[in-house]
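For reference, the structure is listed below as structure tokens.
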Amino acid sequence: MKGKNETYGITQSSELRKLVFSSLFAAMIAVGAYIKIPLPFSPVPVTMQPLFVFLAGSMLKSKWGTLSVLIYALLGIAGLPVFAGGASGLGVILGPTGGYIIGFIVAAFVIGYLSEKSGKNDYFSNALYMGIGLVIDYALGMTQLAIVAKLDLLQAITLGVLPFILGDLLKLAIAAYIASRYRI
């Protein structure tokens, strides 16, 4: 029979482990921001951030995956150069690409939540949940892009979604494979 302290120790150890992984994923999202390909026709660059957001949501689930993306966003708001291209500050969140960062937070939560509720960890379930997260990120990102850059809906989709679909689907496929093979 386990005593109260033993049970608490196991829970405490598990929570600490999840916190460490949340911090690690926040760091990976920040590193993913530096893997940047600017597009001459769009203010939104191609980065590796979505891959790590997908993994955070799927592997850390809703609470800890969301926390990892929040840590990343708060570090950037606080002035650390963790946003795409080494940018930082609240101006990035309020600027034309800030909706994608906000979308990362919501996407990580939704991916984790759907994964928790289904209890499934196979490739196709992960890909489906990540696809839903991607649609959420696109919707929030292009909405803010349209508002801040004063674009109509078609322009926002053309500049903020269409150029990224193939690359993001590739990142999604890689993330779904990794998440279905490994557990944290």
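The values are calculated or read from the model by the stated rules, or taken from the named source; none is laboratory data. Note that the structure is predicted; figures quoted are calculated from it, not measured. In this analysis, Cβ positions are derived from the backbone assuming ideal geometry, glycine residues included, and neighbour counts consider all displayed protein chains. The area values use the complete protein model at the heavy-atom level, side chains included, leaving out ligands, DNA and RNA. Shrake-Rupley method; radii C 1.70, N 1.55, O 1.52, S 1.80 Å.
Residues of segment 57-78 include at least one that is open to solvent by 20 Å² or more (accessible area, probe 1.4 Å), modelled with pLDDT of 95 or more and either of a type in the set (Asp, Glu) or under 21 Å from Ala173 (Cβ atoms) (or both).
Within segment 133-184, the set of residues being open to solvent by 50 Å² or more (accessible area, probe 1.4 Å), touching a residue at least 60 places away in the same chain (Cβ under 8 Å) and in a helix (DSSP H, G or I) comprises Ile174, Ile178. Scanning segment 9-19 finds one or more residues that are in a helix (DSSP H, G or I), under 30 Å from Arg181 (Cβ atoms), free of Cβ contacts under 8 Å to residues at least 60 places away in the same chain and among the acidic types (Asp, Glu).
Would you confirm whether or not segment 95-105 contains a residue that is closer than 14 Å to Lys63 by Cβ and surrounded by 14 or more Cβ atoms within 10 Å (Cβ to Cβ)?
From segment 95-105, those closer than 14 Å to Lys63 by Cβ are 105; that's our starting set.
Right, trim to surrounded by 14 or more Cβ atoms within 10 Å (Cβ to Cβ) and you get 105.
Within segment 95-105, one or more residues are closer than 14 Å to Lys63 by Cβ and surrounded by 14 or more Cβ atoms within 10 Å (Cβ to Cβ).
Take Thr11 and decide whether it is more than 25 Å from Leu151 (Cα to Cα) and open to solvent by 60 Å² or more (accessible area, probe 1.4 Å). It is true that Thr11 is more than 25 Å from Leu151 (Cα to Cα) and open to solvent by 60 Å² or more (accessible area, probe 1.4 Å). I'd like to check something: does segment 61-73 contain any residue that is among the basic types (Lys, Arg) and within 25 Å of Leu162 (Cα to Cα)? Taking every residue of segment 61-73 in turn, none turns out to be among the basic types (Lys, Arg) and within 25 Å of Leu162 (Cα to Cα). Considering the conditions (1) modelled with pLDDT under 95; (2) surrounded by fewer than 16 Cβ atoms within 10 Å (Cβ to Cβ), Pro81 is excluded by exactly one of them, (1).
Scanning segment 28-56 for residues that are open to solvent by 50 Å² or more (accessible area, probe 1.4 Å), in a helix (DSSP H, G or I) and at pLDDT 95 or above returns Met28, Val31.
Residues in segment 65-85 that are farther than 11 Å from Phe104 by Cβ and within 12 Å of the chain's Cα centre (by Cα): Leu67, Ile71.
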